[in-house]
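Below is one structure, written out as structure tokens; comments come after it.
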Amino acid sequence: TQSEDQDKRDRHIKKIKDSVSHLNDLLEDFLSLGKLSEGKIAAQSEPFEVNLLLEEAVDELKAILKAHQVIKIESADNIVFVSDKKLLKNILINLLSNAIKFSGETSLIQVRAISDENRLIISVIDQGIGIPADDLPNMFTSFYRARNAMNIEGTGLGLHIVKRYADLLQGSVAIESEPGKGTTFTISLPSLQSEIIS
């Protein structure tokens, strides 16, 4: 029937779109990695409002949210911090897109930010498939994929890039995870106020 043909076409188009999207992700990751390896990316410090940055990152990912997934931001208003806004946004987009990818259709993803003048701590908390304990030490290695993630599309470069960006921001990234319960990534960054060139 006509509607069955249309369904087949729609499914086929979706597969093509997913493949193109995956290739695009791979290309972007390779370009980022290439620039990092060549030392072409350096931190550009400036003051920015943390809340606005979190909202921007979440907005960019709304199109890939699964049916009933929700991203909730928990952050005090008016936190102004000094770091590289663009690099931090890239870190957040990487971590949030992972949380979306590895979480169920109806799960809640939380982004929490706390700060004082000298340090910003952001956690991305999901209720996804989690990471087996044996895989945790290798998660920031390029092309490494956890055993329970092999059937989910990804480049294996995202977390490696997150770690490299955090290093550029003189910060750190930590993982806590429980298989079947979820994962928390915590980014801790120092203020780069002293590096602003007036």
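The values are calculated or read from the model by the stated rules, or taken from the named source; none is laboratory data. All values derive from a computational prediction rather than experimental measurement. When we count neighbours, we look across all protein chains shown, and the Cβ atoms used for this are built from the backbone with ideal geometry, even at glycine.
Could you please find all residues in segment 102-119 being among the small types (Gly, Ala, Ser) and touching a Gly at 6+ places or on another chain (Cβ under 9 Å)?
Across segment 102-119, the qualifying residues are SER103, GLY104, SER107.
Mind checking which residues of segment 93-107 are closer than 23 Å to LYS35 by Cβ and either touching a residue at least 60 places away in the same chain (Cβ under 8 Å) or hydroxyl-bearing (Ser, Thr, Tyr) (or both)?
ASN94, LEU95, SER97, ASN98
Among the residues of segment 36-86, how many are of a type outside the set (Val, Ile, Thr) and part of a helix (DSSP H, G or I)?
15
Under the condition of being modelled with pLDDT of 85 or more and crowded, with 17+ Cβ neighbours inside 10 Å, which residue from segment 26-64 is farthest from LEU120 (Cα to Cα)?
Within segment 26-64, the match that is farthest from LEU120 (Cα to Cα) is LEU61.
Within segment 171-198, which residues are modelled with pLDDT under 95 and hydrophobic (A, V, I, L, M, F, W, C)?
LEU192, ILE196, ILE197 - these are the residues of segment 171-198 that are modelled with pLDDT under 95 and hydrophobic (A, V, I, L, M, F, W, C).
Among ARG119, ARG164, ARG145, which is the only one that is farther than 14 Å from LEU95 by Cα, touching a residue at least 60 places away in the same chain (Cβ under 8 Å) and among the charged types (D, E, K, R)? Quick ask: steps written out before the conclusion?
Numbers: ARG164 fails: farther than 14 Å from LEU95 by Cα; ARG145 fails: touching a residue at least 60 places away in the same chain (Cβ under 8 Å).
Result: ARG119 is the single residue among ARG119, ARG164, ARG145 that is farther than 14 Å from LEU95 by Cα, touching a residue at least 60 places away in the same chain (Cβ under 8 Å) and among the charged types (D, E, K, R).
Would you be able to say whether some residue in segment 121-133 is more than 23 Å from LEU53 (Cα to Cα), of a type in the set (A, V, I, L, M, F, W, C) and surrounded by fewer than 18 Cβ atoms within 10 Å (Cβ to Cβ)?
Checked segment 121-133: at least one residue is more than 23 Å from LEU53 (Cα to Cα), of a type in the set (A, V, I, L, M, F, W, C) and surrounded by fewer than 18 Cβ atoms within 10 Å (Cβ to Cβ).
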